[in-house]
Amino acid sequence: MSESANNQRRDFIKKTAKAGLAISTVAFIPESLFACTPAAHIATVNPFKTGFDQTPLPYNYNSLEPIIDATTMEIHYSKHAATYSKNLKEAALAEKIDMSKSLEDILPKISTYSAKMRNNAGGHYNHELFWKTMKPGVESKPSSSIVKALEKDFNSLESFKTQFSDAAKTRFGSGWAWLFLTPDKIMKIGSTPNQDNPLMDVSEIKGLPLMGLDVWEHAYYLKYQNRRPEYVENWWKLIDWEFVQKRYEASL
Ligand code: MN
């Protein structure tokens, strides 16, 4: 994040604190209030919107060890994901896309843009969500309310986990497994190839991603080599259930 973006963020947090607002309530302030904020700022003020710049990784590269090793995290965040953001901005400039908008505005009409835009808008959006879906430290447990919601749509928590893991393990080649909320507010599981995601008009599955698992080899190969199923099974211990639940509840 640039120095000026940092200053703006500090100013914003100060003002918010003065106004007596908890930072967690900021998500629900209408986006129009921030119409003039730089793209880099979008995700800072609204965790449910994605700007064009990378937001800082919310933990250290080695924080997810031993499940995801520090070298994988460093290369993944600072090389792979950084390149998606860089190429996304290049494409946006070339295709005259207003970068003060969020990617949530662009992805539903991605078919009207170039392949470079599709690959990198998806790549950037997916990774920004992926980092936030994980948390270091003690394994988080889903609350009874999110468990109840999952049971409604998947019969049981176990069946949800099995279906999600299967989607991740069986995605051929590179891609993502998703838990997503359909427009009629049903949670579903599916997978997409490459850097596509369920927000895109070109995707076979459609809805708002609640959590996504990266099954590109770059996400796990150093530690797990060809053992993608082992990576998928271990990944459950990293999920930030509070984040997934907040995303779900904010989208109902
Ligand atoms: Mn990746």
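The values are calculated or read from the model by the stated rules, or taken from the named source; none is laboratory data. From a predicted model like this one, the values you see are computed outputs, not experimental measurements. FYI the Cβ positions are ideal-geometry reconstructions off the backbone, even for glycines, and counts take in every protein chain you see. Just so you know, the surface numbers come from the protein's heavy atoms only, side chains and all, with ligands and any DNA or RNA stripped out. Shrake-Rupley method; radii C 1.70, N 1.55, O 1.52, S 1.80 Å.
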Quiz item: Which residues, counting only those in the stretch 138-167, are among the polar types (S, T, N, Q) and out of contact with any strand residue (DSSP E or B) (no Cβ under 9 Å at 6 or more places or on another chain)?
Solution: Ser143, Ser144, Ser145, Asn155, Ser156, Ser159, Thr162
Quiz item: Before we move on, is Lys79 within 16 Å of the ligand (Cβ to nearest atom), touching a Pro at 6+ places or on another chain (Cβ under 7 Å) and part of a helix (DSSP H, G or I)?
Solution: no
Quiz item: Restricting attention to the stretch 84-114, which residues are open to solvent by 50 Å² or more (accessible area, probe 1.4 Å), part of a helix (DSSP H, G or I) and more than 16 Å from the ligand (Cβ to nearest atom)?
Solution: Lys89, Glu90, Leu93, Ala94, Asp105, Pro108, Lys109, Ser111, Thr112
Quiz item: If you check Met117, Met134, Met73, which single one turns out to be without any contact (Cβ under 8 Å) to a residue 60 or more places away in the chain, closer than 23 Å to Glu230 by Cα and either open to solvent by less than 10 Å² (accessible area, probe 1.4 Å) or within 16 Å of the ligand (Cβ to nearest atom) (or both)?
Solution: Met73
Exercise. Kindly indicate whether Thr72 is modelled with pLDDT of 80 or more and part of a helix (DSSP H, G or I).
Key: yes
Self-check item: Selection from the stretch 215-241 of residues that are under 14 Å from the mean Cα position of the chain (by Cα) and of a type in the set (Asp, Glu)
Solution: Asp240
